[in-house]
1. Within the chain, which complete DSSP H helices have Cα atoms spanning at least 30 Å along the helix axis and a mean Kyte-Doolittle hydropathy of 0.0 or higher?
2. I need 191, 377 ordered by Cβ neighbour count within 10 Å, fewest first.
3. Taking all pairs of distinct Cα atoms, average 1/r, flip it, and tell me the Kirkwood hydrodynamic radius of segment 6-73 in Å to one decimal place.
4. Counting other Cβ atoms within 10 Å, keep those with at most 10, restrict to DSSP loop, and tell me which GluC sites (Glu not before Pro) in segment 393-476 are left.
5. Can you tally the net charge around residue 93? Count Lys and Arg as +1, Asp and Glu as -1, for every other residue whose Cβ sits under 9 Å from the Cβ of residue 93.
6. Rounded to the nearest 500 deg cm²/dmol, what is the calculated helix-only ellipticity per residue at 222 nm for the chain, with -39500 (n - 2.57) per DSSP H run of length n ≥ 4?
7. Under 1.5 on a/c is rounded, so check that first for segment 279-405, then, if it is not, pick prolate when a/b is larger than b/c and oblate when it is not; a ≥ b ≥ c are the square roots of the alpha carbon gyration tensor eigenvalues.
8. What number comes out for the charge environment of residue 209, summing +1 per Lys or Arg and -1 per Asp or Glu over other residues with Cβ under 9 Å away?
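Derivation of every value follows stated rules applied to the coordinates shown; laboratory data play no part. Because the structure is predicted, anything quoted here is derived from the model rather than measured. Methodologically, a virtual Cβ is constructed for each residue, glycine included, from the backbone with ideal geometry; neighbour enumeration extends over all protein chains shown.
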Amino acid sequence: MIDLKNLTVEKTHRSFKNKEFTCKELVQEYLKVIREKNAQLNAYLEIYDDILNQADEAQKKFETGTATMLTGIPFAIKDNILFAGHKASAGSKILENYVAVYDSTVVKELKKQGAILIGRTNMDEFAMGSSTQTSAFGVTRNPYDISRVPGGSSGGSAVAVAGDMVLVALGTETCGSVRQPASFCGLVGLKPTYGAVSRNGIIAMGNSLDQVSPFGKNVRDVEIVFNALSKYDPMDSTSIKDRVSPDTQKPPFSSAFKIGVPWHLFEKGVDSEVMDNFKSSIEKLKNSGYKIIDIELPYSKYSLETYYIIMPAEVSTNLSRFDGIRYGFSDKGENLMEVYKKSRGKGFGKEARRRILLGTYVLSHGYYDAYYNKAIKVREKIKEEMLEAFKNVNFIATPTTPTSAFKLGEKLDDPVAMYLCDIFAAPANLTGIPALAIPSGKDKNGLPLSIQFMASHFCENSLFEIGKKFETLREK
Ligand code: GLN
């Protein structure tokens, strides 16, 4: 029996090296748990059929001395990450039987290092949602309480890790889709700097916002995965080559660092237990020497509105390629227009159709200037104000989400209530800065709560440092 609950990437690596267990034995343990739990939780849409071969290949790397930290490490990947020869449906009926014809850059890297790709995980359709209930392939349940959502859109990846059905997982973020499910499932989730990790081979939602983002049970695991995947990729035109990090210009990490808290953003809509937990986390940081500074972010107040204009505009453009002809699901029609209409009408779910309509509207003649162009300007203002804030503070802290995990079915008929889940996530995606979500305790129902730290572009190392420090403070 391997103690899966307390396993970390480094522990696993050591155990492989010390021959305490083999790559295959570990995978078999995870498969056992998957067989027990997945039917109920629906974290995985598919378990790949070649994982035992992958485990043999990984084992060989240990025997020939070519193993890296990720060799033999079991990964789950979100259903919008391409893995050649395997299905990738982005949680949508329109791509139900689509088989990837090439590897995404992140998968290529994982394969190169001998990581074991266990399976693809459930998600909100095309990553649109905060609860993994808009998937065409059923809802995913929260392992802390199966009557509740795991968060979304990368809910399947979160539940796979939280349910000990895999060690680490990849999701994607456009606006909180890793941090929010990490928060609801008691995990650590990182949204990297935009341009840090390649988007090549990721089924796009909002190109100017999307980033592949890791989940882990602790900060160190997430750090290891991020470091392995963060590199310049010529296949992604938005990948950043010259990475200037203010991290390297700072003195060594010190607990005298300053944390800015935009208290004014939490005036409305934040659950009182979430707020109490956040205040007590800030208190712990203060008592251990961090300087807590009250900051004002007047434009960030409009992040959600800005996001819900820019994102649908990009979504409507991206999803236009699913026309019933080039990929996936196709319905018959008398003429071309009918084929388009029937294929898209039946292939896309309600939320995808809603966003296509919204996006088409904000981009249409006459509304483009009033909505899209204005949102682009506000986005710039938010970015300016964030960068200005980081001249005075090293981090900005907020609760990760305004509530803990809500019930299945809740908010489904109220899109605005669902969109409000993203309120603290949006600034990092809009401005491209990195953000780390870390468990910060539990509410009275035993549901996980979470704190988020944001830092300036390419300051992931600072985030990992404060994250590890917080993990020790949290227990006190
Ligand atoms: N909740 C966000 C939305 O519905 C999730 C987007 C994301 O990060 N993929 O747009």
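1. none
2. 377, 191
3. When all Cα pairs of segment 6-73 are included, the Kirkwood radius is 12.8 Å.
4. Hits after loop and neighbour filter: 475.
5. It works out to a net charge of -1.
6. Rounded to the nearest 500, the figure is -11500 deg cm²/dmol.
7. prolate
8. -3
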